[in-house]
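A short write-up of the structure that comes next.
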Amino acid sequence: MQIDLSGRTALVTGSTQGIGQAIAVGLAGAGAHVVVNGRSQERVAQAVHAVRAASRSDEVTGAAGDLATEEGAAAVLGTTPAVDILVNSLGIFGAASPLEIDDAEWLRYFEVNVLSAIRLIRAYLAGMKKRGWGRVVNIASDSAVAIPAEMIHYGMTKTSLLAVSRGFAKDAAGSGVTVNSVIAGPTHTGGVEDFVRELVGAELPWDEAQHEFMVRHRPQSLLQRLIEPEEIANMVVYLASPHASATTGGALRVDGGYVDSILP
């Protein structure tokens, strides 16, 4: 299957590292003009350089702004007023005792992981519908379906993203625009490495720490290893392509078989 996104502009939020950056590389490699996003201009500039090098494409620019705030979203929209492909990859996570998560932390998780995506969908979806083509992909998580006891606040936000995706897909019905979510399983990123160390201890060699984490905290995984960011990106690039024109309103799993369910 040949995927050609030449002539399309894609904004990938939270793409200065991890899954977001891998998605940016994948889209740029497929020919899209990719806009990298992060909170600071310095981090964005570094990420633009990295994505250009990895994708062998010069069609990569940056838009700095904290999308968890109205001001940050306005800054990004000011530099990137229209896109053909929107990938909401921005997200935070962390372990916390459920009864110790205060109101401010619940709200922070919602603003970063959910409201940031809603802001951009509201801003870009109308233009996509008017042009008769567009792709919105929201990066969810296995935690949306199998809520982890140590990350209830995180799981809540990812469940919300599934609802947001399905709802906006209905709004875009018949327009040529698709809206989907990707359920990502436990993925190997720098942040996850820190998270794994936090749960199983910092003294173990990485291979042993990863194995211990999967056995103790993610035993449902059929892959029995952490997923690489590029494996998530492959699904996103497909969903962003013309080949996925009949896929909308869906929650597509790249979870290594973690969620013990036939659907979604």
Here P(r) for the stretch 1-93, Cα-Cα distances in 5 Å bins, as whole percents, is 3, 17, 28, 26, 17, 7, 2, 0, 0
Return one whole number: the accessible area per residue of the stretch 195-262 in Å², for a 1.4 Å probe.
52 Å²
Give the long-range amide H neighbours of Val36: residues separated by 5 or more places, or on another chain, with amide H under 5 Å away, using H modelled in the peptide plane at 1.01 Å from N.
Thr61, Gly62, Ala63
Average accessible surface area per residue within the stretch 6-128, 1.4 Å rolling probe, Å²
44 Å²
By per-residue mean of other Cβ atoms within 10 Å, what is the highest-first order of 29-39, 181-191?
29-39, 181-191
Once the dipole of the stretch 50-160 is set up with Lys and Arg at +1 and Asp and Glu at -1 on Cβ about the Cα centre, which of Gly155, Val51, Pro98 lies farthest towards its positive end?
Val51
Convex hull projection area averaged over all views, the stretch 102-162, Cα basis, nm²:
4.5 nm²
Extent of the stretch 24-164 along each principal axis, from alpha carbon coordinates, in Å, largest to smallest?
48, 34, 29
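How big is the C-alpha Rg of the stretch 157-226 next to the rule-of-thumb value 2.2 N^0.38 Å, as a ratio?
The value comes to 1.56.
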From the backbone phi of the stretch 120-136, what are the Karplus-calculated ³J(HN,Hα) couplings (6.51 cos²θ - 1.76 cosθ + 1.60, θ = phi - 60°) in whole Hz, Gly and Pro given as x?
6, 4, 4, 6, 9, 5, 4, x, 4, 4, 5, 7, x, 7, x, 9, 10
Given only helices, namely DSSP H runs of n ≥ 4 each adding -39500 (n - 2.57), what is the per-residue ellipticity at 222 nm of the chain, to the nearest 500 deg cm²/dmol?
-13500 deg cm²/dmol
Would you mind checking which residues have amide H under 5 Å from Ser141's amide H? H placed 1.01 Å from N; only 5 or more apart, or other chain.
Ala184
Quick note, the stretch 60-109: a/c under 1.5 would make it rounded; otherwise a/b > b/c is prolate and the rest oblate (a ≥ b ≥ c, C-alpha gyration tensor); here it is prolate
Once amide H atoms are placed 1.01 Å from N in the peptide plane, what residues at a sequence separation of 5 or more from Arg8, or on another chain, have their amide H within under 5 Å of its amide H?
His33
Assuming 0.36 nm per residue, please report the length gained on full extension of the stretch Thr247 to Arg216 beyond their Cα-Cα distance.
7.7 nm
For the stretch 138-264, the Cα gyration tensor yields equivalent-ellipsoid semi-axes (√(5λ), largest first, whole Å) of 30, 15, 12
Accessible-area composition of the stretch 88-201, carbon plus sulfur, in percent [1.4 Å probe]
56 percent
For the stretch 4-26, list residues with backbone N below 15 Å from a point placed 7 Å from the Cα of Ala82 toward its Cβ?
7-11
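The values are calculated or read from the model by the stated rules, or taken from the named source; none is laboratory data. Everything numeric in this text was worked out from a predicted model, so none of it was measured. Using ideal geometry, Cβ is built from the backbone for each residue, glycine included, and neighbour counts are taken over all protein chains shown. When the accessible area is computed, the model is the full protein with side chains, heavy atoms only, and any ligands, DNA or RNA have been set aside. Shrake-Rupley method; radii C 1.70, N 1.55, O 1.52, S 1.80 Å.
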